[in-house]
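Presented below is the structure to which this report refers.
The values are calculated or read from the model by the stated rules, or taken from the named source; none is laboratory data. Note that the structure is predicted; figures quoted are calculated from it, not measured. Neighbour counts are summed over all protein chains in view; Cβ atoms, including those assigned to glycine, are modelled from backbone coordinates with ideal geometry. Just so you know, the surface numbers come from the protein's heavy atoms only, side chains and all, with ligands and any DNA or RNA stripped out. Shrake-Rupley method; radii C 1.70, N 1.55, O 1.52, S 1.80 Å.
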Amino acid sequence: MTLDMFDDLEHGGLRQQALAPGALLLRGFAVADDKALLDALRDVIAVAPFRHLVTPGGFVMSVAMSNCGALGWVSDRSGYRYDAIDPNSGRHWPTMPAAFLRLAQDAAREAGFNRFVPDACLINRYEPGTRLSLHQDRDERDFEQPIVSVSLGLPAVFLFGGLRRTDKPSRVPLTHGDVVAWGGPSRLRFHGVLPIQEGHHPLLGACRINLTFRQAA
Ligand code: MD3
Ligand code: FE
C-alpha cells in the first residue's frame with residue numbers, strides 16, 4: 001500500500017494524515033504540551049524506572065520500558081500480559097498523569113474515537129541503535145478501542161504493515177510531537193520501529209520516547 005493514496009488535509013490548523021483506514025497521524029499535536037509531558041514523565045520514571053524486559057523467548061529487548069496507569073504491560077519468560085503491579089517494585093504502577101490522559105483523549109477525539117478511556121500507558125525509551133521488531137498489539141481485551149501513540153525526542157521511522165506478518169510494511173517518519181491514533185481496521189496491523197539514528201534533541205538529548213495509550217481491561 002502506498003501512502004500517497006491518501007490525502008493530507010488541513011483541519012483546525014493541524015496537519016492530519018490518514019495513513020490507512022482507522023489510522024490518523026496528527027503531526028505536531030503534542031508539541032505545545034511537550035514540556036508538561038516530560039515533567040510528568042520524570043515523576044513517573046522516578047517511581048517506576050525504565051527497565052529492559054525479557055521476551056518469552058529469552059531475548060532482552062533493546063527498548064527500555066515502563067508504565068503508568070492502572071495497568072502496565074510486562075513481558076517475561078512466562079509471556080506477555082497486563083498487570084496492576086510493577087514486578088520490579090511489587091507496587092502499583094504510578095497513576096497516569098493528568099497531562100497524559102488529557103492529551104490522549106484529545107487526540108482520540110480528534111480522530112473520531114469519542115469514548116477512549118485509557119487505563120494503561122506503556123512508555124518506551126529508544127537510544128540510538130535500538131529498534132522494535134514487527135509485532136501486533138493484541139494483549140488488550142477490546143480491539144474496538146484504539147491505541148494512541150505520542151512520539152517525543154529523536155525522530156524514528158515507523159514500520160506500518162498489514163494484517164499478516166508477511167505484508168510489506170510502509171515506512172512512516174515520526175518526529176517530536178507527532179501523535180497517531182490507531183483503530184478500526186488498522187488496530188491489529190503489524191508494526192515496528194527501525195533502528196533509531198544517532199542525534200541530539202534539545203529536550204531529550206540522544207533519546208526517543210514513545211507513549212502508547214491503551215484501554216487494556
Ligand atoms: C499500529 N510502539 O509499544 S507506536 C508498542 O514507537 C509500539 O514505540 C512503537 O509498537 C513505538 O507496542 C510504535 C505506534 C503504534 C502503536 C500501536 C499500534 C502503532 C500501532 C497498534 C496497531 C497498529
Ligand atoms: Fe506495538
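With a 1.4 Å probe and all protein chains left in place, how much of the accessible area of the stretch 8-214 comes from carbon and sulfur atoms, in whole percent?
54 percent
Cα gyration tensor of the chain, axes a ≥ b ≥ c as square roots of the eigenvalues: rounded (a/c below 1.5), prolate (a/b > b/c) or oblate?
rounded
For ASP167, which sequence-distant residues (separation of 5 or more, or a different chain) have an amide H within less than 5 Å of its own amide H, given hydrogens modelled in the peptide plane?
Answer set, sorted by chain and number: GLY162.
Mind telling me which of THR175, THR55, THR130 comes out most flexible in a GNM of the chain, alpha-carbon contacts under 10 Å?
Sorting by GNM fluctuation, first place goes to THR55.
Let me check something: with ligands and nucleic acids excluded, how do ILE85, ILE196, ILE45 order by accessible area (1.4 Å probe), largest to smallest? Numbers along the way, then the final one.
Values: ILE85 60, ILE196 5, ILE45 35 Å².
Heavy-atom accessible area, descending, gives ILE85, ILE45, ILE196.
Top to bottom by accessible area (1.4 Å), largest first, where do HIS52, HIS201, HIS92, HIS135 land?
Greatest to least solvent exposure: HIS92, HIS52, HIS135, HIS201.
Give me a comma-separated list of calculated 3J(HN,Hα) values for the stretch 163-176, in order, Karplus coefficients 6.51, -1.76, 1.60 applied at θ = phi - 60°, integers in Hz, x for any Gly or Pro.
In residue order, the calculated couplings are 7, 10, 3, 7, 5, 5, x, 7, 10, 10, x, 10, 10, 3 Hz.
Work out from phi, with θ = phi - 60° and the Karplus expression 6.51 cos²θ - 1.76 cosθ + 1.60, the ³J(HN,Hα) of each residue of the stretch 44-54, listed in order in whole Hz, and give x for Gly and Pro.
4, 5, 5, 8, 10, x, 4, 8, 9, 7, 9
Helix-derived [θ] at 222 nm for the chain: sum -39500 (n - 2.57) over DSSP H runs of at least 4, divide by residue count, nearest 500?
Computed ellipticity for the chain at 222 nm equals -4000 deg cm²/dmol.
For a quick check: with amide H placed at 1.01 Å from N, whose amide H comes under 5 Å from LEU53's, ignoring anything fewer than 5 positions away on the same chain?
MET61, MET65
Rounded to the nearest 0.05, what FRET efficiency do ALA46 and PHE143 give with R0 = 30 Å and r taken as the Cβ-Cβ distance? Could you check?
0.35
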